[in-house]
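Data block below; observations after.
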Amino acid sequence: MILDSIQKNLLHEVAELDALPAGAYNLRSNGKGVARQTTANIDIVPKDDKPGIDIIIKPGTKKESVHIPVIISESGLKDLVYNDFYIGEDSDVTIIAGCGISNCGGGDSVHDGIHTFHVGKNAKIRYVEKHYGEGEGRGKRLMNPTTIIYLEEGSYMKMETTQIAGIDDTLRETKAEIAADAYLEIKEKILTTGNQQARSNFVTNLNGDGCSCNIVNRAVAKENSYQFFDSTMNGNADCSGHSECDSIIMDHAKVAASPNLTATCEDASLIHEAAIGKIAGEQLIKLMTLGLTEEEAEEQVIAGFLR
Amino acid sequence: MLTLKNISYEAEDNEILKGVDLEFGDEFTVITGPNGSGKSTLTKIIAGIIKPTEGRILWDGEDITDLSITERAKLGISYAFQQPVQFKGLRVRDLMMLAAGKDAKFNDICDILSEVGLCARDYIDRDLDGSLSGGEMKRIEIAMVLARKTRFSIFDEPEAGIDLWSFQNLTYVFEKMRKLINGGILIISHQERILNIADKILYLKDGETVCFDKRDKVLPLLLDNSANGPCSILKEKMGE
Ligand SMILES: Nc1ncnc2c1ncn2[C@@H]1O[C@H](COP(=O)(O)OP(=O)(O)OP(=O)(O)O)[C@@H](O)[C@H]1O
Ligand SMILES: [Mg+2]
């Protein structure tokens, strides 16, 4: 498999990979799987009815990782992929996904990834996802990631998703069904600039006693960009749910946050915190007294906020 | 080094500073005076954080009244806030590195943190947010100014929130710093122990200079026992 320099750079941006990784991986480039490796415990099987793969992790698999980066460097390519993860009971693994689009042409490049996680009893996973776009072409770079999560009893999932640059339009859908004693944590970080638009919809169902979740969204909207954060949390058992949306708004951007909490059980405890505001003036002043210009100070505040 | 000429500041029809004339050199000056007398306002005007409604500020004879905060910081003015600013996601190491500048070594930063009584290992990766205690924030605020090593350093009530045990150490830090930077230090304080190490004391009241002279001249006035002395409020503050 030979990657050109654009593809190599995309791979670096989304997966911090400069070479093929150790452990299991599946690299998808311009709509096709181009490299794959399995291990004794982790199998990757292409689907035969639709594009995508099944990632099957044996029960008890510990300290292993799976990389599944997607890169698109062809202008005008529309890529749709279904990836299903079956994470065996008692396993402890890290999954690193990510999608990079480089579009230098006139056609819109689109990646729609539908990821479904079946996390077995007492399994523990960390899922890291990074979205990145580049290219000077007129064609847009569009991404619509959907993540569907089924957490079985006592399981644990920590998801970190980042979209810092270059995606014109995004609609993110995240749905979770959480069974007893399971825990879900999602940290989402989004920066939009120019005329970019990002919408993020979360639906979390806390279904079993003792389960909990923590959804944290950090957003920075610059220039004329638009962001919409919609979080619905349903507490259907003796559970605790926390969601938080914290946004920095700049220039002429527009930010909306719409939290919805519904409890159908007396013992459910749900909290949502939402804040939208500009960068605190005193933070800029403090950094300027250290010798930074106002622009440099802004960059520092944003970089910290999205860390 | 720093000259203030006829500095006035008005906000919402209040005259907060009333035509103050001052000259600061390479010495250790402590500003004291009742709450609301305009001490913080005066030092913010020096750092460029607020613009005076009238008057000029000179740095080595050059007019810097219209320079920005950044430009004054680059000239060599540093400012430790009375109320340290909190950040989301920025860590102690980030701010310390920014303060110390590009060429600073990580070890130097750790040394400075230990000077203000913080074990670098425990604090360097902490977020500068509400999770730090008031005293810890205050120490880091001081450390940032120490790290800058500029010719003129301002500390606004550095002792506030610092526990009694560490207080003595803090006075050593200021004395050591003065030797190191070979420049001017300006500290706003209500503490006799800080006043005791000053070269000069400026007593400010209602936005005006009551006295500004060598410590030996001003201190007896401030500690004057007569009930109607100029500084009864100050004495209360110092628990006399
Ligand atoms: N923007 C403003 N608008 C109105 N009043 C102000 C403004 N800024 C400061 N003041 C007032 O100016 C006075 C001086 O404030 P300053 O903070 O300089 O006092 P200070 O001497 O530092 O007091 P302290 O010892 O309590 O720190 C106060 O009465 C304060 O309320
Ligand atoms: Mg003050």
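The mean of 1/r over all pairs of different alpha-carbon atoms in the protein assembly as shown, once inverted, gives a Kirkwood hydrodynamic radius of 26.9 Å. Relative contact order of chain A: 10 percent, from C-alpha pairs under 8 Å at least 6 residues apart in sequence. With a simple spin-label model that places each label point 7 Å from the Cα along the Cα-to-Cβ direction, the separation between A:Arg36 and A:Lys175 comes to 2.7 nm.
Over region A:216-307, the ratio between the Cα radius of gyration and 2.2 N^0.38 Å evaluates to 1.38.
Rounded to the nearest 20, the size of the Cβ-charge dipole of region A:183-307 about its Cα centre is 300 debye, with Lys and Arg at +1 and Asp and Glu at -1.
The Rg/Rh ratio for region A:88-224 is 1.04, where Rg is the radius of gyration of the alpha carbons and Rh is the Kirkwood radius. Over chain B, Cα pairs under 8 Å with separation of 6+ residues give a relative contact order of 26 percent. Under 19 Å from the 7 Å Cα→Cβ point of A:Arg138, by amide nitrogen: which residues of region A:168-203? Flagged as within label range: A:168-169, A:195-196.
Relative to the longest principal Cα axis of chain B, at what angle does helix B:106-115 sit, 0 to 90 degrees, rounded to 10? Once rounded, the angle reads 50 degrees. Pairwise inverse Cα distances across chain B, averaged and inverted, put the Kirkwood hydrodynamic radius at 18.5 Å. The convex hull drawn around the Cα atoms of region A:5-280, when projected onto a plane and averaged over every direction, covers 14.2 nm².
Here B:Glu27 and B:Glu71 are evaluated by their C-beta separation; at R0 = 25 Å the FRET efficiency comes out at 0.55. Within the accessible area of chain B, the carbon and sulfur atoms contribute 45%, probe 1.4 Å, all protein chains present. Shape analysis of region A:1-143 places it in the prolate category; the axes a ≥ b ≥ c from the Cα gyration tensor give an a/c of at least 1.5, with a/b above b/c.
The values are calculated or read from the model by the stated rules, or taken from the named source; none is laboratory data. Model, not experiment: these values are computed from the prediction. Note that each Cβ is placed from the backbone with ideal geometry, even for glycine, and that neighbours are counted across all protein chains shown. Side chains included, ligands, DNA and RNA excluded: accessible areas come from the protein's heavy atoms. Shrake-Rupley method; radii C 1.70, N 1.55, O 1.52, S 1.80 Å.
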